[in-house]
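What follows is one structure encoded as structure tokens, with my remarks underneath.
The values are calculated or read from the model by the stated rules, or taken from the named source; none is laboratory data. Only a predicted model underlies this, so the values are computations on that prediction, with no experimental measurement involved. Cβ atoms come from the backbone with ideal geometry, glycine included; neighbour counts cover every protein chain shown.
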Amino acid sequence: MAEQHERYEDSQLYRIRHSAAHVMAQAVLETIPEAKYTIGPPIENGFYYDFDLPTPLTEEDLPQIEKRMRQIIAGGHDFEKKVLSAEEARQVFKDQPYKLELIDGLEQGGFDEYGNPLEEKPEISIYQHDAFVDLCRGPHVENTRQINPSAIKLMSVAGAYWRGDENNKMLTRVYGTAWNKPDELKEYLRMLEEAKKRDHRKLGKDLDIFVFDDEVGPGLPLWLPNGAIIANELEVLARELETEAGYQQVLTPHVTKEDLFIRSGHLPYYAESMYPPMELEGVKYYVKPMNCPMHHKIFDARPHSYRDLPIRLAEYGTCYRYEKSGELFGLMRVRSMQMNDAHIYCSEEQFEDEFMGVIDLYKKYFDLFEIEKYVMRLSLYGKDGLGKKYVDNERLWLKTEDMVRRAMTNGNVPFVEAQNEAAFYGPKIDVQIWSAVGREFTLATNQVDFAVPERFNLSFVNKNGEDETPLCIHRAPLSTHERMIGFLLEHYAGSFPVWLSPEQVRVIPITDEQNEYALKLEAQLKEAGIRGRADMGSERMNAKIRNAQLFKVPYMLVVGNNEMESGTVSLRVRDGSQQNDLQVSDFIVRVAEKVKTRSGTL
């Protein structure tokens, strides 16, 4: 059943942050009177305001601005709203060119004060507190004293193009955060510090997982051997579970003719996210941004009856999407991606079981990776987008949305609904997950496609001997290698469970006298299928242990003369525990069991 949540935009915290943004803008303008101010919205966990400044503003200036904010808050100023005509608003902001541009947009009915397209012409309103006036639709707190001065903090200064367009002027953006209580601010700052330690970009470099190279190109990750091990383990996991669930593996090429994407509809709807075509012998070819059109061709390669359905085709195919340079972010937003992709072709009668089978697969992954917080979001179409953003068939939109809603409700899986977030060909369940430090990720999707199978003339012979078009479910429970590994790096802080650790065991001889024994142990581990190596470097034992700890190796086997003579090892575990005089065979059994069961414990 759909859960009802208070929208962030309707919450008191949203009003506090919106009001704090105005207070900050006042403090900046008092500090730099020649500044031109633009927009200052609340965002997740805080707010920002963009300024066009005649002199640079640095993070060293923030404490003084913050001090002035607290003085303004203590003044107890009411936030007063007034609705004005466009001409009246121009008089108020006659010296503020960015506000004048926004007023023009509001008057024409095209854009709101944040530059977002509007469905209808809005009123033009201002909010004033103390001597500060801003073009704004609200909402705000009633009085500045409703902002807790001990629960605000200015965080950073950054550059930002006006309206996000790199052809426009670069502005100065000041970020801040605001909370209801000081304890909430303190906890947020603690979480930020922990998140810095877990940043997948830093951990990816420190642990030799992946790199980016300018000569290769932005957004095109290179997987180092450690990263390739993790990716391969995830693929093995996916193949095991998909084989159990009746999926068949397929492979498709990286490029295809333009006609395929015209037929699928991806070119009209998705062209901006596709790399430009290559032309050979008068024919245009595209690198594929997704696998589905080729999977449709595989389905269509043989005739099918209702007895064959459902048909589940899976592929770990590499796809390529052109993300804008400013939107690239580590492994989370890339231009090449290895996707845990599959397409299920089924009848309407089979739809609910198949759709919920995918949801059950999500849950297995959540349990395995100890993901405790997640939200299933039913993403719906927007009526104004029919024929533009969405396939123009309102009847099928409403029908398939209801099918998904009914399946989730019958399966007793809580979900929330979001308008205007669907795929172009049908509704979907988007899965939002939270890492161990509370960072939110959009992980995976479960999509219904009522449109594209018909475009490819896909059919099966139903029980009545008639041709029928199947529904297609697009699903990617493990997302992409890139996004999933980025998430897991932060979720585990780089300390992967044993089965997923690139290096599971490090053998550390105390002196060179034990090198031969260490190499023998390395061979025994490899023979047992365990990823281990002997550290034959010249460093002292403590330095070798430290190196293994930095690489977050789960197990360290320290061997000296006593261990060599007795055929044992001294075990040091990543969690700090130790065990001496351990039989090698017992240790191998222990590790093998952890790997076999994909245990999350050491």
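For this structure, a couple of remarks:
- Residue that is surrounded by the fewest Cβ atoms within 10 Å (Cβ to Cβ) [pool: residues in segment 58-75 that are within 31 Å of the chain's Cα centre (by Cα) and of a type outside the set (Asp, Glu)]: THR58
- When the criteria are applied in full, PHE587 meets the requirement of being among the aromatic types (Phe, Trp, Tyr) and buried (at least 21 other Cβ atoms within 10 Å of the Cβ).
- Residue match in segment 300-314 (condition: modelled with pLDDT of 95 or more, crowded, with 17+ Cβ neighbours inside 10 Å and either closer than 16 Å to LYS428 by Cα or of a type in the set (S, T, N, Q) (or both)): no
Yes/no per residue for (1) touching a residue at least 24 places away in the same chain (Cβ under 8 Å); (2) crowded, with 18+ Cβ neighbours inside 10 Å; (3) not acidic (Asp, Glu):
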position: GLU482; (1), (2), (3): yes, yes, no
position: PRO497; (1), (2), (3): yes, yes, yes
position: GLN524; (1), (2), (3): yes, no, yes
position: GLU527; (1), (2), (3): no, no, no
position: MET536; (1), (2), (3): yes, no, yes
position: MET541; (1), (2), (3): yes, no, yes
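- Single match in GLU244, GLU315, GLU258, GLU233 (criterion: assigned by TED's automatic domain parsing to the domain that holds GLY465 and either closer than 25 Å to THR469 by Cα or in contact with a Gly (Cβ under 6 Å, 6 or more places away or on another chain) (or both)): GLU315
- Only residues that are in contact (Cβ under 8 Å) with a residue 12 or more places away in the chain and over 11 Å from THR144 (Cα atoms) were counted across segment 64-79, and they come to 4.
- On the stretch given as segment 440-468, residues that are of a type outside the set (Val, Ile, Thr), closer than 30 Å to ALA195 by Cβ and surrounded by fewer than 17 Cβ atoms within 10 Å (Cβ to Cβ) total 1.
- Count of residues meeting criterion [over 21 Å from ILE344 (Cα atoms), in contact with a strand residue (DSSP E or B) (Cβ under 9 Å, 6 or more places away or on another chain) and of a type outside the set (D, E, K, R)] in segment 370-389: 5
- Condition met for PHE355 (modelled with pLDDT of 90 or more, over 22 Å from the mean Cα position of the chain (by Cα) and in the same structural domain as ARG405 (by TED's automatic domain parsing)): yes
- Residue ID - surrounded by the most Cβ atoms within 10 Å (Cβ to Cβ), chosen from residues in segment 502-522 that are in contact with a helix residue (DSSP H, G or I) (Cβ under 8 Å, 6 or more places away or on another chain) and part of a helix (DSSP H, G or I): LEU521
- Any chance SER336 is among the hydroxyl-bearing types (Ser, Thr, Tyr), more than 23 Å from ALA418 (Cβ to Cβ) and either touching a His at 6+ places or on another chain (Cβ under 8 Å) or in the same structural domain as LEU458 (by TED's automatic domain parsing) (or both): yes
- Candidates SER19, SER11 - the one that is surrounded by 12 or more Cβ atoms within 10 Å (Cβ to Cβ), touching a His at 6+ places or on another chain (Cβ under 7 Å) and not basic (Lys, Arg): SER19
- Hey, SER150 exposed (fewer than 15 other Cβ atoms within 10 Å of the Cβ), under 23 Å from the mean Cα position of the chain (by Cα) and either part of a loop (DSSP other than H, G, I, E, B) or not basic (Lys, Arg) (or both) or not: no
- Beta carbons closer than 8 Å, at least 6 apart along the sequence or on distinct chains, pair a first residue in segment 421-444 that is assigned by TED's automatic domain parsing to the domain that holds GLY382 and of a type in the set (Lys, Arg) with a second that is crowded, with 22+ Cβ neighbours inside 10 Å and in a loop (DSSP other than H, G, I, E, B) for LYS428/ALA422.
- Residues that are of a type outside the set (Lys, Arg), under 16 Å from CYS346 (Cβ atoms) and part of a helix (DSSP H, G or I) within segment 292-309 comprise CYS292, HIS295, HIS296, ILE298, PHE299, ASP300, TYR306, ASP308, listed in sequence order.
- Residue check for HIS295: farther than 18 Å from LYS428 by Cα and buried (at least 22 other Cβ atoms within 10 Å of the Cβ): yes
- Within segment 451-501, tally of residues that are assigned to a helix (DSSP H, G or I), of a type in the set (Asp, Glu) and touching a strand residue (DSSP E or B) at 6+ places or on another chain (Cβ under 9 Å): 2
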